[in-house]
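What follows is one structure encoded as structure tokens, with my remarks underneath.
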Amino acid sequence: MRIGYAMYSARDLTTDPTSMRNVLKAISQMGYEGVEFFLYNGTQALQLKAMLEEYSLAAIGTHVHKPRWDADTQGEIVFAQQAGIPYLVYPWIAPELRNEAFYESLPRTLKDLSALCEEKGIRLLYHNHDFEFEMLNGDPILDYLLTQEDSFALELDTFWTQYAGVDAVGFLRKYGGRIPMIHVKDYLGVKDGEPEFAAIGTGKLDNSAVIRAARELGKEWLIVELDNSPLDPLESARISIEAIKKILNE
């Protein structure tokens, strides 16, 4: 199992190709082995691939929100292929779309996207939040999606799973090979109805069991993602990887 970093966490620091390079260099020096992208910010595919090679980082995947899929599906896939990115991720459902009709149509959408990705040697993932554990036709929405269509895999966000009151380790074991990678987060608490995130090991969440289970189950990647942080994002990244390595070495 390798440790990766979600570039969404440093989105305010990666506004152009130069700043992208600077963050990749810093992440590599901390000991991360790969990165997962969000926006490319003007960095071209081959340019991005060269940066990753320069800093000995693997491309993990890219989160592609629905408007981008709708605007240029083939463009997103071709960019990923050229940059050497093996996974593309359907990461979020906007609040206005969270209804029964959309959820029931989503397995077909994921099947179609999976087929297009596979043509270019790329695998499609779905990334969850807490709302996918609400019920749909008697089952949690996430279980419904996974059982209705098997062409895509799941990137399990273990924080949101636990935040929804679900045992993340149990979910990892339940779906086995459908989950090649996980996200881990930590948080300080809830403010104005939303979690306040923190570097791994500095908040309220004990990720030890999740991290050890991911290693035991042979997951490809354990990815640090912090939607926001009270510290500088790169300082949070450094603290987080040190905390993870400490758990893995215990």
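Report the local net charge at Leu48: Lys and Arg +1, Asp and Glu -1, summed over other residues whose C-beta lies under 11 Å from its C-beta. So the environment of Leu48 carries a net charge of 0. Summing charges over all other residues whose Cβ lies under 9 Å from the Cβ of Pro140, with Lys and Arg as +1 and Asp and Glu as -1, gives -4. Taking other residues whose beta carbon is less than 10 angstrom from the beta carbon of Ile93, and scoring Lys, Arg as +1 and Asp, Glu as -1, yields 0. Counted as membrane-span-like here are DSSP H helices of the chain whose alpha-carbon atoms extend 18 Å or more along the helix's own axis and whose Kyte-Doolittle mean is -0.5 or above; these are 17-30, 100-119, 233-249.
Based on the Cβ-Cβ distance of Thr147 and Met30, what FRET efficiency does E = 1/(1 + (r/R0)^6) give at R0 = 35 Å, to the nearest 0.05? The value I calculate is 0.35. Exceedance of the 20 Å cut-off in Cα-Cα distance is limited, within the set Lys185/Lys246; Lys174/Lys245; Lys174/Lys219; Lys185/Lys245; Lys111/Lys219, to Lys174/Lys245; Lys111/Lys219.
Treating the chain as a set of equal point scatterers at the Cα positions, no solvent, please give the Debye-formula log₁₀ I(q)/I(0) at q = 0.09, 0.12, 0.15 Å⁻¹. For the requested q values the scattering log ratios are -0.37, -0.68, -1.10. Estimated purely from DSSP H runs of n ≥ 4, each contributing -39500 (n - 2.57), the mean residue ellipticity at 222 nm for the chain is -13500 deg cm²/dmol once divided by its residues. Summary of the geometry: segment 64-87 and segment 176-199, compared by the centres of their Cα atoms, lie 25 Å apart.
Bear in mind that the values in this text are calculations on the coordinates, not laboratory data. Computed from a predicted structure; not experimentally measured. With ideal geometry, Cβ positions are generated from the backbone for all residues, glycine too; neighbour counts draw on all protein chains shown.
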